[in-house]
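Q: Input: one structure, supplied below.
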Amino acid sequence: MSAVSDQLVTFAILVYLVAMISHAVEYALGNVRAVATRVAPARELVGAGVGGVGVDKVDGPVADAPPAGTPSSTRPSRSAGRARLAGRIAAALTVVAAALHLGALVTRGIAADRMPWGNMYEFVLTVTWIGTAAWLVVLGKRPSLRRLGLFLTLVMVLLLAFAELKLYVPVVPLMPALQSYWFIIHVSTIVFSSGIFLLGVVPAVSFLLRNGYEQGRRSFPYTLARRLPGAADLERLTFALHAFSFPIFTFAVIAGAIWAEAAWGRAWGWDPKETWAFISWVVYAGYLHARATPSVKRNVATWIAVLGFLTVLMNLFGVNFFFTGLHSYAGVE
């Protein structure tokens, strides 16, 4: 089963990669559709003869539009249709990748005869799957946000490839310190909330780019947001995801303290992972407070949310690689 899990992870990465390419095709062809939309409105011509030149009330002299049905007039519609097809293929491939991803987790758990959360490799696999599953739920409710899938699949490819190349460890039994019912309670909630935070950072960064683009910034990287959904929609999605995940993350921290009291005789000892979990909690609480404060600009509040996810990454990777403590369960050297 362990070998099957490893193969499923590899296949999931490949399918995520193809889904990302399909999203990129939709994103690129969307530019043609955007140009067609700007050209499409009918122009009111003054003194125009057949095959002659008229006067556009906005732009001055223009040539007559080509007759309907000519190749130049049908090209934008064809490109728009291809963009929609590429987007649908990307969404379908993401579903397939999520199924393979879930299969890798299930077979890994069967091989280990436990929940697959015993080391950093398994933790990353689970967090990324939660992020993908949550994205598919959002996509089902808001199909207009589909172009965010380009960035979501990019994140999945990078994280899963990093986990496969740098974090992989063979299946081993659970450490004695983790053999408790609190393992399922604490780790399941921390994994779930981290997966939602992972998804939440995608619209957060997209909002910062789109908001800058809507304010007239045309330099890189703001031009990447030209074909993203509106800034207001992205900001609302960012808030909804974080407001949903924060109470779960709070419960996970409290459950961890209760487990620490039972296992080590103290609820809190400022262990590196405990410290960074507390830092993450403070930053995300600061984001929600800033978001609820009318005097705080939305882009400032969103930057706090991005900072919160950076602290989560520090807790996941930095603490395990650079610090030692009671929570050193990464399984990598």
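The values are calculated or read from the model by the stated rules, or taken from the named source; none is laboratory data. The shown structure was predicted, so the numbers you read here are calculated from the model rather than taken from an experiment. Neighbour counts run over all protein chains shown; Cβ positions are idealised from the backbone, glycine included. For accessibility, only protein heavy atoms count, side chains too; no ligands or nucleic acids. Shrake-Rupley method; radii C 1.70, N 1.55, O 1.52, S 1.80 Å.
Q: Kindly indicate which of I279, I248 is open to solvent by 50 Å² or more (accessible area, probe 1.4 Å), under 17 Å from L316 (Cβ atoms) and of a type in the set (A, V, I, L, M, F, W, C). Don't jump to the end; show me each part of the working.
A: On the way: I248 fails: open to solvent by 50 Å² or more (accessible area, probe 1.4 Å).
None of the others qualify; the one that does is I279.
Q: Condition test on Y27, is it open to solvent by less than 30 Å² (accessible area, probe 1.4 Å), within 27 Å of S77 (Cβ to Cβ) and modelled with pLDDT of 50 or more? Can you show your working first?
A: Values: open to solvent by less than 30 Å² (accessible area, probe 1.4 Å): yes; within 27 Å of S77 (Cβ to Cβ): yes; modelled with pLDDT of 50 or more: yes.
Here the answer is yes, as Y27 does meet what is asked.
Q: Name the residues in the stretch 227-242 that are open to solvent by 40 Å² or more (accessible area, probe 1.4 Å), within 18 Å of L288 (Cα to Cα) and in contact (Cβ under 8 Å) with a residue 24 or more places away in the chain, would you? Give the derivation first.
A: Going residue by residue through the stretch 227-242, those that are open to solvent by 40 Å² or more (accessible area, probe 1.4 Å) are 227, 232-233, 236, 239-240.
From the residues that got through so far, the ones that are within 18 Å of L288 (Cα to Cα) too are 232-233, 236, 239-240.
Matches in the stretch 227-242: D233, F239.
Q: Is one or more of the residues making up the stretch 197-212 surrounded by fewer than 20 Cβ atoms within 10 Å (Cβ to Cβ) and over 12 Å from the mean Cα position of the chain (by Cα)?
A: Looking for residues that are surrounded by fewer than 20 Cβ atoms within 10 Å (Cβ to Cβ) and over 12 Å from the mean Cα position of the chain (by Cα), one finds at least one in the stretch 197-212, hence yes.
Q: Based on what the data block shows, is A133 at pLDDT 95 or above, within 17 Å of the chain's Cα centre (by Cα), more than 30 Å from I185 (Cβ to Cβ) and open to solvent by 20 Å² or more (accessible area, probe 1.4 Å)?
A: Criteria not met by A133.
Q: Only one of these is out of contact with any Cys (no Cβ under 8 Å at 6 or more places or on another chain) and closer than 21 Å to H289 by Cβ: T189, T223, T250. Name it.
A: Unique residue meeting the criteria: T250.
Q: Considering (1) touching a His at 6+ places or on another chain (Cβ under 9 Å); (2) at pLDDT below 95, say which one A305 fails and leave the rest.
A: A305 satisfies all of (1) touching a His at 6+ places or on another chain (Cβ under 9 Å); (2) at pLDDT below 95 except (2).
Q: Sticking with this structure for a sec: Test R210 against the stated conditions and say whether it is touching a Gly at 6+ places or on another chain (Cβ under 8 Å), part of a helix (DSSP H, G or I) and not hydroxyl-bearing (S, T, Y).
A: Spelling it out, R210 is indeed touching a Gly at 6+ places or on another chain (Cβ under 8 Å), part of a helix (DSSP H, G or I) and not hydroxyl-bearing (S, T, Y).
Q: Now for a separate question. Would you mention how many residues in the stretch 300-315 are under 19 Å from V191 (Cβ atoms) and open to solvent by less than 80 Å² (accessible area, probe 1.4 Å)?
A: Matching residues across the stretch 300-315 total 7.
Q: Under the condition of being of a type in the set (D, E, K, R) and open to solvent by 70 Å² or more (accessible area, probe 1.4 Å), which residue from the stretch 73-130 is nearest to L17 (Cα to Cα)?
A: R88
Q: Filter the stretch 283-299 down to the residues that are open to solvent by 70 Å² or more (accessible area, probe 1.4 Å) and not polar (S, T, N, Q) and list them by number.
A: Narrowing the stretch 283-299 to residues open to solvent by 70 Å² or more (accessible area, probe 1.4 Å): 289, 292, 294-295, 297-298.
Answer for the stretch 283-299, where residues must be open to solvent by 70 Å² or more (accessible area, probe 1.4 Å) and not polar (S, T, N, Q): H289, A292, P294, K297, R298.
Q: Please work out if L224 is out of contact with any strand residue (DSSP E or B) (no Cβ under 8 Å at 6 or more places or on another chain), part of a helix (DSSP H, G or I) and surrounded by fewer than 18 Cβ atoms within 10 Å (Cβ to Cβ).
A: Considered against the rule, which asks whether it is out of contact with any strand residue (DSSP E or B) (no Cβ under 8 Å at 6 or more places or on another chain), part of a helix (DSSP H, G or I) and surrounded by fewer than 18 Cβ atoms within 10 Å (Cβ to Cβ), L224 comes out as yes.
Q: Residue check: is G216 in a loop (DSSP other than H, G, I, E, B) and touching a residue at least 24 places away in the same chain (Cβ under 8 Å)? Don't jump to the end; show me each part of the working.
A: Details: in a loop (DSSP other than H, G, I, E, B): yes; touching a residue at least 24 places away in the same chain (Cβ under 8 Å): no.
Here the answer is no, as G216 does not meet what is asked.
Q: Still on this model: Looking at this structure, is L199 free of Cβ contacts under 8 Å to residues at least 40 places away in the same chain and closer than 24 Å to G30 by Cβ?
A: No, not satisfied.
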